[in-house]
Amino acid sequence: MTLPTSPTLARLNALAAKRILVLDGAMGTMIQTLRLREEDFRGTRFADWKTDLRGNNDLLVLTKPDAIRQFHLDYLRAGADIVETNTFSSTTIAQADYGMEALAYEMNVAGAQLAREACDIMERATPDRPRFVAGAIGPTNRTASISRDVNDPGARAVTFDELAAAYGEAARGLIDGGADIILVETIFDTLNAKAAVFALEQVFAEKGRRLPVMISGTITDLSGRTLSGQTPTAFWYSLRHARPFSIGLNCALGAKEMRAHIAELSRVADTLICAYPNAGLPNEFGEYDESPEAMAALVGEFARSGLVNIVGGCCGTTPAHIQALADAVDGVAPRKVPQVEPKMRLSGLEPFELVA
């Protein structure tokens, strides 16, 4: 069934043809600045909840909505065109750690509404510049491809159907809350991502329209592979069928370490490329030290080399980083999407291209 595409896609494509778009930075980094205590996470509504809630950052869309909205505004004022909802862990699977599975849909609705409110505020101030809400769907804390038991290679902590159901509920909430884009991010297991794509197709059919989809994987270390073992090209071949608005990488690596992998995706992907690295690699305390200026210099080189269409920041980044990135790519031509000759392209851990 052919579904009508959201008008947002045409607007995004028109903007992306003119300039490099800017994604926001880390929500978790900003939340840490609040130094919240257990009672702050609980609020009045969850004062008597049976488990500890500190660290459940997604819950703050319900208990600290003003703070979350303000962080979105901070990033928009720093130059972001797209802000991500604070819903990275708002799935029934991830929320099971807190006994809050039943709140997953509500969290996604609220998260999208807060981001939309911030975008509306900015658009009223500058009506000639649209802003967009990317409904963030994280990978969950379970993997569909890797055994949970070293003695049983077939053991899994989750099934494809369970993942698809969780992702579908999250997507419905994000769309109902006003998300313009769906962002499937920090993908460490491509089978998880395939479950998300499957779920999105079901939800789009239910809603009667297709939203732009951004897909972002994570290279877990300097081996240049995802946790489930794929190279960037194999990752792209596995997910090209989803027809994403963008493909890219985030998290795990700083810009310096990410560059080669973004360059690889840029060569093979006939869609937009999005890069939002960490603020360098974590130090011995798990903190990120790379300054806005240092990070912007590295990502600015991505832009000048024609590698990217969308840039932003992941762990350790702040509005200052996003402002520096926005300044670094201002006036730099966006990457031209290549025309890729149709061939049979398959992937396991490595890519395969059938050459006649």
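Against the empirical 2.2 N^0.38 Å (N residues), segment 7-353 has a Cα radius of gyration ratio of 0.94. Classified by the C-alpha gyration tensor, segment 82-174 has a prolate form. Its axis ratio a/c, with a ≥ b ≥ c, is 1.5 or above, and a/b is larger than b/c. Per-residue ellipticity at 222 nm from helix content only, as computed over the chain with -39500 (n - 2.57) for each DSSP H run of at least four residues, stands at -12500 deg cm²/dmol. Applying a DSSP loop filter and a limit of 14 other Cβ atoms within 10 Å to the trypsin sites (Lys or Arg not before Pro) in segment 1-49 leaves R35, R37, R45. Taking the empirical scaling 2.2 N^0.38 Å for compact globular proteins as reference, segment 90-143 has a Cα radius of gyration ratio of 1.46.
Less than 22 Å apart at the alpha-carbon level, and either on another chain or at least 8 residues along: which lysines does that give for K64? Cα-Cα hits under 22 Å: K50.
Exposed loop sites, defined as GluC sites (Glu not before Pro) outside DSSP H, G, I, E and B with at most 13 other Cβ atoms within 10 Å, are absent from the longest region of the chain, namely 1-283. Cross-link reach is defined here as a Cα-Cα straight distance under 16 Å, omitting same-chain residues fewer than 8 places apart; for K18 the aspartates and glutamates meeting it are D81, D128, D327, D330.
Values quoted throughout were computed directly from the atomic coordinates according to the rules given, and no laboratory measurement underlies them. Here the structure is a predicted model, which is why all the values come from computation and not from measurement. Every residue, glycine as well, gets a Cβ built from its backbone with ideal geometry; the counts of neighbours run over all protein chains shown.
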